[in-house]
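Below: one structure, written as structure tokens.
The values are calculated or read from the model by the stated rules, or taken from the named source; none is laboratory data. Quick caveat: nothing in here was measured; it's all calculated off a predicted structure. Cβ placement follows ideal geometry from the backbone for every residue including glycine, while neighbour counts extend to all protein chains displayed. Just so you know, the surface numbers come from the protein's heavy atoms only, side chains and all, with ligands and any DNA or RNA stripped out. Shrake-Rupley method; radii C 1.70, N 1.55, O 1.52, S 1.80 Å.
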Amino acid sequence: MWLRVIYPASVLILMLPAVVNADEANKLLNMCKACHGESGVSRFEHIPNIGWQNSDYLLKQLRAFKTGNRQDPTMTKVAQLLSEADMQQMADYFYLGKDK
């Protein structure tokens, strides 16, 4: 009987980091989409369209913002929040968004 209670609970505990990471990734992606648009096409004149850009190019730009080699008041701050995996996910999302 204890096994039936403990086993499902332990599986949920092991899955928790993936759920938290997925939630965090979605929050970060939603932050990007708020300015750059769902598919990378911004509705704001002063914010560049990034959809359909090569993912390597997007990753390079995010890294440049994070290191300070490229400056923008908003993007420099945003890039500080992103891990390398986050940046790769964002670059892939907007490049692959061309298929959406």
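For segment 21-73, report the % of Cα-Cα distances exceeding 16 Å.
52 percent
Could you work out the local net charge near residue 85, counting Lys and Arg as +1, Asp and Glu as -1, over the other residues with Cβ closer than 15 Å to its Cβ?
Surrounding charge for residue 85 is -2.
If you count only protein heavy atoms with a 1.4 Å probe, what accessible area per residue comes out for segment 20-100, rounded to a whole Å²?
With all protein chains present, segment 20-100 gives 65 Å² per residue.
Using a 10 Å cut-off on Cβ atoms, rank the peptides 65-74, 29-38 from the highest mean neighbour count down.
The peptides rank, most packed first, as 29-38, 65-74.
Where does the charge balance sit around residue 34 when Lys and Arg score +1, Asp and Glu -1, over other residues with C-beta under 15 Å from its C-beta?
So the environment of residue 34 carries a net charge of +3.
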